[in-house]
1. Being at pLDDT 95 or above, loosely packed, with under 12 Cβ neighbours inside 10 Å and of a type outside the set (Val, Ile, Thr) is true for just one of Asp27, Asp22. Which residue is that?
2. Residues that are among the β-branched types (Val, Ile, Thr) and closer than 19 Å to Val105 by Cβ, at least 1 per element: which helices (runs of 4 or more DSSP H) completely within the range 1-94 meet that?
3. Name the residue, out of Val105, Val9, that is in contact (Cβ under 8 Å) with a residue 60 or more places away in the chain and surrounded by 15 or more Cβ atoms within 10 Å (Cβ to Cβ).
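The values are calculated or read from the model by the stated rules, or taken from the named source; none is laboratory data. Nothing here was measured: the structure is a model prediction, and the numbers come from that model. Positions of Cβ are generated from backbone atoms using ideal geometry, with glycine treated the same way; all protein chains shown enter the neighbour counts.
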Amino acid sequence: MLLNDPSYVEAARALAERILQDGGETDRSRLNYAFQRAVSRDITDEEAAVLELLLNGHRGEYAADAASVDAILTVGARPVVENVDRVQLAAWTSVARVILNLHEVVTRN
């Protein structure tokens, strides 16, 4: 439910915007930034490797399919920022969705 709920997709996009704007220039620094925001710790090498594979896969998919980019970026009421690459934002939104669904982030009973 959390992975596809419109509120969570929109929240992931908001996090992805911050990752791209404030997370540094490299994928690794951006992943670490995301982990610091979400779980207050540095990302491990193993986690980074998995998420880098996911990120690169989504970059390729979104670069080849503009309709998919539009679909993920228009979920929710938050307007899309103008000064960011839409393919990058879509790919990072996918990564942020995974991060926001980690056991460390989700409160459960």
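1. Being at pLDDT 95 or above, loosely packed, with under 12 Cβ neighbours inside 10 Å and of a type outside the set (Val, Ile, Thr) holds for just one of Asp27, Asp22, which is Asp22.
2. Once the helices (runs of 4 or more DSSP H) in the range 1-94 are filtered for at least 1 residues that are among the β-branched types (Val, Ile, Thr) and closer than 19 Å to Val105 by Cβ, what remains is 6-22, 27-39, 45-64.
3. Working: Val105 fails: surrounded by 15 or more Cβ atoms within 10 Å (Cβ to Cβ).
Step by step, each of Val105, Val9 is checked, and only Val9 is in contact (Cβ under 8 Å) with a residue 60 or more places away in the chain and surrounded by 15 or more Cβ atoms within 10 Å (Cβ to Cβ).
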